[in-house]
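K.L.:
Before I ask anything, let me first share the structure, which is written out below as structure tokens.
The values are calculated or read from the model by the stated rules, or taken from the named source; none is laboratory data. This structure is a prediction, so every number in the text was calculated from the model and none was measured. With ideal geometry, Cβ positions are generated from the backbone for all residues, glycine too; neighbour counts draw on all protein chains shown.
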Amino acid sequence: MINVLIVEPNELPYEKTIPNTLKAKQEIVNGYIQCTSLLADPDVVLICNEEGKINNLPYNRDIGHDIIAGTFIIAGDDIENGDFKSLTKEQVEKYKIKFDKQSIKNTESKIEAILLKNSFFSEQDINE
């Protein structure tokens, strides 16, 4: 069992103790898992649905180098054993703050800006 944070679209993160199994993680993210690092913290890994955008899962959070679609998990990265581990209390608090209400608003603003930009370029293509 490991202690992780679950981050659902438009919701505040919450702590949960889950089995440290592939099946448990796949059930939470609703599909195949993909891991990505959070650039500021090499001891933490973000576990999300590998096909979140392809499957049109709702956008969740902007993490700087990507916008994650669908529910994701924040877990400790046990590099030595090639597995996941529980978050520390400090990591739990840090990521509860990182993915707070303001991060939801910031992600919505970024998505709106992208959609507006794409709409602008689509209109230019039509007019040419």
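K.L.:
With respect to residue 6, is the statement that it is in contact with a Pro (Cβ under 8 Å, 6 or more places away or on another chain) and surrounded by 16 or more Cβ atoms within 10 Å (Cβ to Cβ) true?
P.N.:
Working: in contact with a Pro (Cβ under 8 Å, 6 or more places away or on another chain): yes; surrounded by 16 or more Cβ atoms within 10 Å (Cβ to Cβ): yes.
Yes: the conditions hold for residue 6.
K.L.:
Filter the stretch 12-38 for residues that are part of a loop (DSSP other than H, G, I, E, B) and either touching a Phe, Trp or Tyr at 6+ places or on another chain (Cβ under 7 Å) or without any contact (Cβ under 8 Å) to a residue 24 or more places away in the chain (or both) and give the result.
P.N.:
The first filter runs over the stretch 12-38 and keeps only residues part of a loop (DSSP other than H, G, I, E, B), leaving 12-13, 19-21, 30-32.
Those that are part of a loop (DSSP other than H, G, I, E, B) and either touching a Phe, Trp or Tyr at 6+ places or on another chain (Cβ under 7 Å) or without any contact (Cβ under 8 Å) to a residue 24 or more places away in the chain (or both): 13, 19, 20, 21, 32.
K.L.:
On to the next question. Counting just the residues of the stretch 68-106 that are hydroxyl-bearing (Ser, Thr, Tyr) and within 14 Å of the chain's Cα centre (by Cα), which one comes out nearest to residue 54 (Cα to Cα)? Full working, then the answer.
P.N.:
The initial filter retains those residues of the stretch 68-106 that are hydroxyl-bearing (Ser, Thr, Tyr), namely 71, 86, 88, 95, 103.
Those left that are additionally within 14 Å of the chain's Cα centre (by Cα): 71, 95, 103.
Working: 71: 14, 95: 26, 103: 23 Å.
Within the stretch 68-106, the match that is nearest to residue 54 (Cα to Cα) is 71.
K.L.:
Name, by its number, the condition in (1) within 13 Å of the chain's Cα centre (by Cα); (2) surrounded by fewer than 16 Cβ atoms within 10 Å (Cβ to Cβ) that does not hold for residue 116.
P.N.:
Evaluating residue 116 over (1) within 13 Å of the chain's Cα centre (by Cα); (2) surrounded by fewer than 16 Cβ atoms within 10 Å (Cβ to Cβ) leaves (1) as the failure.
K.L.:
Turning to a different aspect of this structure: Kindly establish whether residue 78 is in contact with a helix residue (DSSP H, G or I) (Cβ under 9 Å, 6 or more places away or on another chain), closer than 20 Å to residue 1 by Cβ and at pLDDT below 95.
P.N.:
Working: in contact with a helix residue (DSSP H, G or I) (Cβ under 9 Å, 6 or more places away or on another chain): no; closer than 20 Å to residue 1 by Cβ: yes; at pLDDT below 95: yes.
It is false that residue 78 is in contact with a helix residue (DSSP H, G or I) (Cβ under 9 Å, 6 or more places away or on another chain), closer than 20 Å to residue 1 by Cβ and at pLDDT below 95.
K.L.:
Return the residue satisfying two criteria in turn: it lies in the stretch 11-36 and is touching a strand residue (DSSP E or B) at 6+ places or on another chain (Cβ under 9 Å) and of a type in the set (Lys, Arg), and of such residues it is farthest from residue 73 (Cα to Cα).
P.N.:
Selected residue: 16.
K.L.:
Now, a different point. Does residue 64 satisfy the condition of being on the phi > 0 side of the Ramachandran plot, touching a Leu at 6+ places or on another chain (Cβ under 7 Å) and modelled with pLDDT under 90? First the steps, then the outcome.
P.N.:
Details: on the phi > 0 side of the Ramachandran plot: yes; touching a Leu at 6+ places or on another chain (Cβ under 7 Å): yes; modelled with pLDDT under 90: yes.
In short, yes.
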